[in-house]
Structures are given as C-alpha cells and as structure tokens.
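Colleague: I'd like to ask you about the structure that follows.
The values are calculated or read from the model by the stated rules, or taken from the named source; none is laboratory data. Model, not experiment: these values are computed from the prediction. Here the Cβ positions follow ideal geometry from the backbone for every residue, glycine too, while neighbour counts run over all protein chains shown.
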Amino acid sequence: MKHINKAFAFLIIFLLGTTACNKDFLERNPIDQGSVSGFFETQEDVIRAVNGIYDVFQGSIWGGAFYWMQHNFDIMTDNGVGCCPWEQQYTTIAKGEHNSTTGGIINLKWDFGYEGIFRANSVLENIEKVKLDANTQKLIVAEVRFLRGLFYQEMTNLYGDLPLILKVIDRKEALTVKRDPKQQVLAAIYADLDFAEANLGLTPFRGDIGRPTKQAAIAVKARLKLYNKDYQGAAAEAKKIMDLAAANPSLIGLVENYVDVFSPTNENNKEVLFDIQYKGGTQGEGNFVQVALAPGPEGTPGNGWGSITPTDQLANSFYMRDGLPSSQSPLFDANNPYANRDPRLLGNLFVPGLSTWRGETYKASLSGFSPFFAVRKWVDPNALIGENGCSCNETNFILYRYADILMIFAEATNELSGPTAAVYDAVNQIRKRAGMPDFPAGLTKDQMREEIKHERHVEFPWEGTRYFDLIRWGDAEKVIPNVTLFGQSLDARVFQAPKHNLFPIPQKEIDLNSNLTQNPGY
C-alpha cells in the first residue's frame, strides 16, 4: 500500500515545515538520521502534529482531499447531474462505468484516508514520549482517536472490509497487509469513538472551534450504526445527543431558520456537531465549493461554474406548504409550479423567477452549465468568485448536524417500535423549523418509513448523505437510473446491486500488494 508509506514522508515534510521557525530545530538531527518520533518533544509539537491530520480533509480544488467536494456524492443519486467527467470521476460512477482503475474519488478516499490514519497513528504512538499533564494527554488522545474513527467510518461505508491499521507500520509491512472483516473494523471504530465520547467535553479542546466534542463522537456512532442497521444502537446514540440538547439548549439544537444553518455569517452555530473548517480569501485554505456551484454563466469572470444541475426528481420532491404533494394539493399552480412549496426548496435550489442572486431575480441564463435550476446550499451570495478555481469562500462544510440526529432517532425508533409519539416529536421538530405542517397522525410503520425517507430527501440535499441512504435502504437500483432533467433522460444512470453498493479497491493498491482482495463484481 504505497500511500501509507507516502504519508510517512509527507508527514515528515509537514512537521519540518511547521517547526522551521523554532531555534531549537536547528540543533536537531538531519532528516536522514531522524524519524517522525524525533519531532515529538513539546506540547506544541504534539498540537502541530494533530493539526496536520486536519490538513487531509481540505486539500485543493484539483489535488483532492478526503472530503473532496463531498456534496458531489449527490450527483451519483437522483438529486443532481454533474457537468464534467474530470471532476474526480463522480459522473463516471453515476453511469455505472467505474472499475478498479477509474481513479478519482475512488482513489482519493483510499489514499487520503490512510494518510490521515497514518498521521493519527503517529501521534498516538509518540505522545507518551512528551511530558504532558494527564488531562491534556487524555484530551489529545481522545481527539486523535475521534479523527481516526472518522476516517475509518467513511472508508468502511465505501469499501467494506479494510486493512485495519492501528499503529505505525513500515513499508515492508504495508505491502503485505490484508483486508480485515468489516465487523472487526466497526468494532475498532466504535472503540475509538467510545473513548472520544468518554473523554471529550461539550466544547472543543482549548476552545479551538473545529475540533471534535463529545456530541460529535456520539453523532458519528449514531449515523454509522444506522447505516449498518443497528437500530437499537443508533436510537440510543441519537437519544444521548437529544438529552444533551435538552440540558444545553444554547449549545446544541436546531437553528430557527433552515437557511441560516449554512450561512457563512452564522458558522459553528448550535446545530453543527462537526464540520470542515475553511478560511476565506486564501487560495488553498478557502472552500472552492463557491466557484464550482455558484451560478454562472460558465466562463464569465466573477461568476461560478454551475457545475451541478439539480434534477426534476429533487425539485419535485418538495411538497406544497400544506404538506401535500403537488399532485394532490389545491395550492399547486401549473403556471407557477414551484411557488407555495416547502421553504427548503429555495434553501437548496436557485429557482428562476423565485430566487434572488446578486440583487436580481434569478433566471435560467445565470446557471452556467445548468440550463434551469442551480444549487443554492453552500453558496454565499456575497462571496467573491475568482477565476482559475480560486478558493475564496469561507463557508464550512457541515458533516454532522443536529437535524440528522433527530432523523436518525426517528428512523431507528420507527424500525424498532413503529411510529411512537417520540418518533412524531422528532420529525415534527424538523418540519416545524422548515415551516411545514406536522406529519399526519395515524401512520403505519411502513407509511412512517416512507415519510422519513422523503423528509431526509428534502432536508439534506448537497450534504453527501443521499447516496448512502439509497444504498442502505435498498432503493438505489430503482431510484438512481430514473433521473430526468426537464422531463428528459439526459444522463443515463446505472446502479447494479449489490456490486455498486461498494467502491472497488483501487487496482494500484492490489498491484503493489497481492494480499489485498477485490470487492465482488469488479
């Protein structure tokens, strides 16, 4: 596994770069006589090494990252169509044309995932060599174990069985590892996250926004257990956060306005449980989602690319304000079909004639690659959009938020006990926040399941969850191929279950290590 060894060299370079201004550094051994362990001498050395783990999340617009354009997972679903095959092969996967040599996001998740895991293991293996007080060491270890669990949970969702590497290994070992069963990987993830939950506080270490908290660790467990149909565990984990929210309403809970959850002027609000932090105005540090998603027209300086076209399926999934589908509601006007809809429609899409962009009524000609709708979520109407993919937007990308916890609790509890009062209460909190009526009373378990599926569809577009939802529900094969734009099937989709339930293992890794097996069908 080449990239684990590559990560070792990358970490040395990173650590040397971050300590070059330290006078004592000049007296240390030359690089070819030392090791990563030689870096760990002070608490600040440890903190810098921990910070290096987060660098794996961001990356650059063309170089990639672990969470590279996470919203692009939605263009492999019924939510959107991607403009361009060069955007890390998401469109290739959507068409079912991917294989073990496709590269793109298939390689990025593997490469950056193991790079992050190596960096985490390096800290955990060396931290005891530094004289830290017991509480500080415990908090740092908890943070790093959270991050390692975060990497592994995403990777096991995508690849299934994985080499489970919980210590620093050399190149010889790296080229002989085998894939461990998914259940063993899950057990290790839960052990890391349990430790993080037990030792992290409700506020981040040293007050540094962006570091994990107790509730963040619980949130990762809750979603992972739901994805693996551990409904008892998912409901229990979600309930922990709901109880924490009840006891700490100013710290954890729903934001009053849906759009404000994603606003760059309201970052790190109480709904955010964990996100990827970005700094505006700096190439390489900002979130390049702005230039990719913002309305165009494409190629015009100062405008975005409009790289994703939202589908008919997504636009039509938003019910009317009375809570009825457009086909049943007296509020529907065929001459103005997207008026009087669930307000989340305009929180997720720019709609011609209804939305506003840069002080004017949005129209289709502004959509760049998209000839009608454009993506609204994550786009800052006031942010500069530079040429050449400038990372000018500071909007953080939210990975876990409180609304998802309520939905996880509702879904898991419904699977266990049917539509109890607690299920209704959880989903109706989200509906109320959106300005929509409560779910109808008297639903059966099956009816509530379908309502929950629909609610997830309209609550979480462009957050990277729809792809995983469709797969775990067993709906991907029937939903993903039936995608239309303006009534036409312009983007042929193929999803073949169970083959496409997982990504292939990158062929470049199998070529280096014959002990690695391939996923079925590839």
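Colleague: Just to check your reading of the model, which residue among 169, 189, 140, 218 is modelled with pLDDT under 95 and either part of a loop (DSSP other than H, G, I, E, B) or buried (at least 20 other Cβ atoms within 10 Å of the Cβ) (or both)? Steps first, answer last, please.
Modeller: On the way: 189 fails: modelled with pLDDT under 95; 140 fails: modelled with pLDDT under 95; 218 fails: modelled with pLDDT under 95.
Criteria check complete, one pass: 169.
Colleague: Scan the stretch 240-275 for residues that are at pLDDT 95 or above and of a type in the set (Gly, Ala, Ser) and jot them down.
Modeller: 245, 246, 247, 250, 253 - these are the residues of the stretch 240-275 that are at pLDDT 95 or above and of a type in the set (Gly, Ala, Ser).
Colleague: Further question on the same structure: Would you mind stating whether residue 116 is in a helix (DSSP H, G or I) and either assigned by TED's automatic domain parsing to the domain that holds residue 493 or surrounded by fewer than 20 Cβ atoms within 10 Å (Cβ to Cβ) (or both)?
Modeller: Details: in a helix (DSSP H, G or I): yes; either assigned by TED's automatic domain parsing to the domain that holds residue 493 or surrounded by fewer than 20 Cβ atoms within 10 Å (Cβ to Cβ) (or both): yes.
So residue 116 passes the test.
Colleague: With the requirement that a residue be among the aliphatic types (A, V, I, L, M) and more than 30 Å from residue 309 (Cβ to Cβ), what does the stretch 443-468 give you? Step through it out loud before you land on a result.
Modeller: Filtering the stretch 443-468 down to residues among the aliphatic types (A, V, I, L, M) leaves 443, 448, 452, 458.
Correct list: 443, 448.
Colleague: Do any residues in the stretch 470-483 that are more than 15 Å from residue 452 (Cα to Cα) have Cβ atoms under 7 Å from those of residues that are assigned to a helix (DSSP H, G or I) and aliphatic (A, V, I, L, M), where the two are at least six apart or on different chains, and which pairs are they?
Modeller: Correct list of pairs: 476/470; 479/470; 480/470.
Colleague: Conditions: (1) in contact (Cβ under 8 Å) with a residue 60 or more places away in the chain; (2) not in a helix (DSSP H, G or I). Residue 510 meets all but one. Number of the miss?
Modeller: (2)
Colleague: Considering every residue within the stretch 96-106, establish whether at least one is polar (S, T, N, Q) and assigned to a helix (DSSP H, G or I).
Modeller: Of all residues in the stretch 96-106, those polar (S, T, N, Q) come to 99-102.
Those still in the list that are assigned to a helix (DSSP H, G or I) too: none.
Checking the stretch 96-106: not a single residue is polar (S, T, N, Q) and assigned to a helix (DSSP H, G or I).
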